[in-house]
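> Please see the structure below; I have some questions.
Each value in this text was obtained by applying a stated rule to the coordinates, not by laboratory testing. All values derive from a computational prediction rather than experimental measurement.
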Amino acid sequence: MIIAGKVTLETITMTEQVSFKATKIFVDRAHFPYGFARSGDFTKKQTALIEAHGQAYKALDSGEREAETDEEREFVRFCRHEKAAETDHEKVWQLYRRHLGKRQFYISMGRDDRANSTAIEDSEPLETEDA
């Protein structure tokens, strides 16, 4: 069935294989606690791709799932670093993995207790090159 130029799942015949099938929406609360859309790291299109296909991306990347289509086989090659990211699927997964590698830094804003600590005094003055 085609509705206003959009293809629905009913238009795909049983003989055609769809790449990156997933049964659930992909979420990563550990790294993106407010979701991909609110993180500011992904565009709307990228958010839609990773939420719809992220479970498949993760399973293919980890080897939990066998590639069924040529597109998925190329994705696995990308995950193994055998080729550069070319498709939208590969690019969004590359962006996701890049954000997982970022370290988060936290700055503590508190009182400076160094004034109360014991100071270590140098017994000899520092030598300078002027002498």
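> Full-extension gain between Glu71 and Ala59, please, as 0.36 nm times their residue separation minus the C-alpha to C-alpha distance.
Working: separation 12, 0.36 × 12 = 4.32 nm, distance 1.46 nm.
Taking 0.36 nm per residue and subtracting the Cα distance, the gain is 2.9 nm.
> Still on this structure, please answer the following. Provide, for segment 40-102, the number of lysine pairs with alpha carbons under 18 Å apart, each pair being eight or more places apart or on different chains.
For segment 40-102, qualifying lysine pairs total 6.
> State the percent of C-alpha pairs, over all pairs in segment 40-102, separated by a distance greater than 16 angstrom.
For segment 40-102, the fraction of Cα-Cα distances above 16 Å is 40 percent.
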